[in-house]
Amino acid sequence: MSKEIQPIFILPEGVTRTTGKTAQRNNIMAAKLVAETVRTTLGPKGMDKMIVDSFGDITVTNDGVTILEEMKIEHPAAKMVVEIAKTQEAEVGDGTTTAVILAGELLQQAEQLLDKNVHSTVITKGFRLAGDACIEKLKELAQPVTEKDDALLRKIAMTAMTGKGAENAKETLADIAVKAVKKVIENFDGSILFDKNNIKIEKKSGNSVEDTEFVEGVVLEKEAVHPGMPQLIHNAKVALLDCAVEIKNTEIDAKIQITDPAQMQAFLDQEERMLLKMVDIIQASGANVVFCQKGIDDVAQHFLAKRGIYAARRLKQSDMEALARATGATIVSNLQDLSETDLGKAGVVKEVKFGDDEMTYVTECKNPKSVTIVVRGGTPHITDEAKRALTDAIGDVAAALKSSSVVAGAGAVETELAKHLRKYAESLGGREQLAVEAFANAMEIVPRTLAENAGLDPIDVLTSLKAAHDKKQIWAGIDVFSGKIMDAWKQGVIEPLKIKTQAITSASEVAQMILRIDDVIASGKDRTPAPKMPEMGDY
Ligand code: ADP
Ligand code: MG
C-alpha cells in the first residue's frame, strides 16, 4: 500500500516564492524595464517625462533620478536599480540616466549569456574584471582640470545642462554654477572640499530663466513680519531663535475664569508686559535682526517694529543652519539665554519685492562661503526644471574639481572603453572572456542611445564611431545635431571623471547582485489595519 505524500510547508501562509531561472529572469526583466523608462531622456536630444502624482501635481523633467523617484517603483529588483540613480545623485549630482541604462544593458547582455548556458558566477566574475579594467583605463584617459580653468569649467557646466529645460539660458546658468562652486570650495591640505549645503538654491517664478540671480549671502523666502519694520538694515547683528516669541504654551491647555472686566484688562496687560520683556531681551542683546524658527506674537511684532528691529518668522531648519554658517550666529533655544555673543553679522539685510511676494536678502556676511542662487522662470514648472539643471551643473563642476579630472562625453569615453575591453578580453581565456566582451557591448549603450534619441541610425553611427576610435581618435563622439562624428573634447562636451567611474561601478555592482539572486521569498503585504489613532476628545 502506497503512502500518501504529505506536502511540507516551511514558509508561513501568504509568502510567495520564486526560484531558479524564473526568479533570475523576473529580476532581470524588472531592472531592464526601469532602464527602458529613462532611456529616451538621455542626452541633448533626450525627451522629457511628465509625471502626475495622486494629488494632480505635475513634474516635467529630463532628470533620471527625479523620474524614478516620482514613479514610486515597487518591484524589489527594480528598486535596486533606482538606488543606483540615488547614489549617483548623492555622489556626483549628475549622470543618473547613464548609470541606470548601463545597469539595464549589462543585465540585457548577461541574459544573452545565460541563454547560452554561461553560469551567472562566471558572468559576475567577468563583470568585476571588466569594471576594474574600465576604472583603470578611465584614469589613464582623464585630463587634468583646476580652479583656474574657467573656460573648461564652463564647458562642464554647459554639458550638464544641454537638453534640459533650461537650455536657452545655459550660458547664464553655467557662469553662475562656476562662480558659485569656486566661491564655496575650500582647499584643505591639497585636497578640495565642497559642501553643497553652502550653495542654497531658491526658486521664484516670474521673469525668465535668464534673470536667475547669484547672491553672495543667504536669501530667504520670507518677508518682514510687520509692515512697520525697516526694509533695509546696514551692519546687521543677527539673532537666530529656535523658540517662539509668544506666550502661548500649546502643550498645556489652561482655562482662566474671569468674572470682572478689570480682571480681563489686567490679564491682557500682563500678557503684553511679558511680550515686551521678551522684546527687551532681544534689544538688550544688541540685535537689530531676528530670524525665528517658530512664531512671533502680533504684539511682539509691533514692539519689534517700533524699535526698528527687522524680524522674520517660521524659517525652515535648513535656512536657520545656513544663516548660522553665513553670519556666525549661534541658534538660541531659550530666549532668556540670548546674549551679544550669540549674534551673527551681515553687512546688509533687506527685503526685496518680487511681484506680490517679498524675499529677505542677507548679504555681505561674515562667512563669504555662503551663497544663494535665486532661480527664475516663466512658470513654476520651468523654474523647477531650471533648478534641477543648475543642480546638475553645480554637481559636475564640483565633482570635476574634487578629483581634478575630466573626460569627454558624447559617447567618446564609452566607445574608447569598449575598445579597450575587447582587447583585454582577448588576453583572458575561457568563458570570462565572453563576460568581458558582454561588458564592452554594454558600454556602447551610451553612444547608441544618444544616436537613437537624436533620430540617427544607431548602427551607422556606431560603425563610424568605432572606425574613428580605431584610428586612435580617443575623443571621437557623436555630434547629435549633424549626425557626424566629432572630436567631443574640442567641441567642449566635457564631463567629470567621477560621473563615469561612479556610474560604471554602481551599475556593475547592481547587475552582479541581481545576477546572483536565484530565490525570491516575498512575504505578502501586511494587511492588518493600522492601530486606530485616539480621537481628540479621548483624553
Ligand atoms: P544623465 O542623467 O546620465 O546625466 P543626460 O540626459 O544629462 O543624462 O545625458 C548625458 C549624456 O549626454 C552624456 O553621455 C553626455 O556625454 C551626453 N552629452 C551632453 N552634451 C552633449 C552634446 N553637446 N553632444 C553630444 N552628447 C552630449
Ligand atoms: Mg546629465
If you plug each phi of region 25-42 into the Karplus form 6.51 cos²θ - 1.76 cosθ + 1.60 with θ = phi - 60°, what whole-Hz ³J(HN,Hα) values come out, in order, with x for Gly and Pro? 5, 4, 5, 4, 4, 5, 5, 5, 5, 4, 4, 4, 4, 8, 4, 5, 8, 5
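Can you quote the Å³ per residue value for the convex hull of the Cα atoms in region 58-196, rounded to an integer? Working shown, then result.
Numbers: hull volume 23.4 nm³, N = 139.
Taking only Cα atoms, region 58-196 has a hull volume of 168 Å³ per residue.
Can you give the relative contact order of region 149-252 as a percent, counting alpha carbon pairs under 8 Å and 6+ residues apart?
Numbers: 45 pairs, mean separation 19.7, N = 104.
Reported as a whole number, the value is 19 percent.
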Between residue 262 and residue 356, the two model label points (7 Å from Cα along the beta-carbon direction) sit apart by a distance in nm of 4.9 nm
Here D for region 101-144, in µm²/s, from Stokes-Einstein with a Kirkwood Rh over Cα pairs at 25 °C and 0.890 mPa s, works out to 210 µm²/s
Using bins 10 angstrom wide from zero, how does P(r) for region 128-232 break down, in % of all Cα pairs? 11, 29, 31, 18, 8, 2, 1
Using alpha-carbon pairs under 8 Å, 6+ residues apart, how would you state the relative contact order of the chain in percent? 26 percent
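Taking the number of other C-beta atoms within 10 Å as the exposure measure, put 381, 119 in order starting with the fewest. Working shown, then result.
Values: 381 16, 119 12.
By the 10 Å Cβ count, ascending: 119, 381.
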Region 2-133 - Rg and Dmax from Cα coordinates, angstrom: 18.9, 71
Using +1 at the Cβ of each Lys and Arg and -1 at the Cβ of each Asp and Glu in the chain, identify which of 217, 330, 475 lies farthest towards the dipole's positive end. 475
Name the shape class, rounded, prolate or oblate, that the alpha-carbon gyration tensor gives for region 284-326, where a ≥ b ≥ c are the square roots of its eigenvalues, rounded holds for a/c under 1.5, and otherwise prolate holds if a/b is larger than b/c and oblate otherwise. oblate
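What FRET efficiency comes out for residue 189 versus residue 147 if R0 is 22 angstrom and r is the Cβ-Cβ distance? Round to the nearest 0.05. Walk me through the intermediate numbers first.
Numbers: r = 16 Å, r/R0 = 0.71.
Efficiency, rounded to the nearest 0.05: 0.90.
Please work out how much length the chain gains when fully extended from residue 516 to residue 116, using 0.36 nm per residue of separation minus the C-alpha to C-alpha distance, in nm with one decimal.
Extra length available between residue 516 and residue 116 comes to 142.3 nm.
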In order over region 188-204: 3J(HN,Hα) from phi, Karplus 6.51/-1.76/1.60, θ = phi - 60°, whole Hz, x for each Gly or Pro, gives 9, 6, x, 10, 9, 9, 9, 10, 5, 5, 6, 9, 9, 10, 9, 10, 8
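Rank the residues 348, 209, 15 as a footprinting-exposure proxy: fewest other Cβ atoms within 10 Å of their Cβ go first.
Numbers: 348 15, 209 24, 15 12.
Fewest-to-most Cβ neighbours within 10 Å comes out as 15, 348, 209.
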Under the Karplus relation 6.51 cos²θ - 1.76 cosθ + 1.60, θ = phi - 60°, what is the ordered set of whole-Hz ³J(HN,Hα) values for region 77-89, x standing for Gly and Pro? 6, 4, 4, 5, 6, 4, 4, 4, 4, 5, 4, 4, 4
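At 4 °C and 1.567 mPa s, what whole-number value in µm²/s does Stokes-Einstein give for the translational diffusion of the chain, with Rh from the Kirkwood sum over Cα pairs?
Values: Rh = 26.9 Å.
It comes out at roughly 48 µm²/s.
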Expressed to one decimal in nm², the mean projection of the alpha carbon convex hull of region 419-467 is 3.4 nm²
What is the order of 379, 98, 391, fewest Cβ neighbours within 10 Å to most? 379, 391, 98
Given contacts defined as C-alpha pairs under 8 Å and at least six residues apart, what's the relative contact order of region 451-530, whole-number percent? 17 percent
Once amide H atoms are placed 1.01 Å from N in the peptide plane, what residues at a sequence separation of 5 or more from residue 405, or on another chain, have their amide H within under 5 Å of its amide H? 145, 497
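Here, each number is a calculation from the coordinates, and none is a lab measurement. What you see is a predicted model; the values in this text were computed from it and never measured. Here Cβ is always computed from backbone atoms with ideal geometry, including for glycine, and neighbour counts include all displayed protein chains.
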